[in-house]
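The values are calculated or read from the model by the stated rules, or taken from the named source; none is laboratory data. Quantities reported herein were computed from a predicted structural model and do not represent experimental measurements. Neighbour counts are summed over all protein chains in view; Cβ atoms, including those assigned to glycine, are modelled from backbone coordinates with ideal geometry. SASA here: full protein model, heavy atoms, side chains in, ligands and nucleic acids out. Shrake-Rupley method; radii C 1.70, N 1.55, O 1.52, S 1.80 Å.
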Amino acid sequence: MAYDEDLADRIRELIAGEKGVTEKKMFGGLAFLVAGNMAVAASGQGGILVRVDPDQSPKLVSSTPAEPMVMRGKAMDGWLRVDAGDVATKRALSTWVKRGVTYARSLPAKR
C-alpha cells in the first residue's frame, strides 16, 4: 500500500513554517525530518508514524489511540503508529505532528 498523499499534504501544511524540514521516502511512506531527524511520517501501512521521547512511549500508548511501532516483530520505543481515523481532524493530526517535531528538535542535528 502506498502512503496517503492527502495525509502527507496535511502534514506538509502543518509543518510549513518549521525550519530545517526535509522529506524522505522511508518505511514505505513519506517521512518529514527536522534537522535530519524523523519527526512524523505518512505511513505506507496507513495512518502516521510519530517519533517521540522513548520515556513517554508507555504513557502515550496507554492514554491515546497510539500503538507502538513494530519492526521485525519488535516494538520500537519512541516510535508510535496512529491510525488514519485517529488523525482525521486537523486538531488531532496537529497534536501528533507537534509531538514529533518537538522531539526531533530536541535531538542533535544530523548532517
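Numbers for the structure displayed
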| item | result |
| --- | --- |
| Sulfur and carbon atoms: percent of accessible area, the chain [1.4 Å] | 50 percent |
| Rounded, prolate or oblate (a/c below 1.5 giving rounded, otherwise prolate when a/b exceeds b/c) for the range 3-111 by Cα gyration tensor | rounded |
| Positive-end residue of M76, A35, V50, charge dipole of the chain with Cβ unit charges | A35 |
| Mean ellipticity per residue at 222 nm, deg cm²/dmol - from DSSP H runs of n ≥ 4 across the chain, formula -39500 (n - 2.57) | -9500 deg cm²/dmol |
| Å² per residue, accessible surface of the chain at 1.4 Å | 59 Å² |
| Cα shape, the range 57-111, gyration tensor, a/c 1.5 rule | oblate |
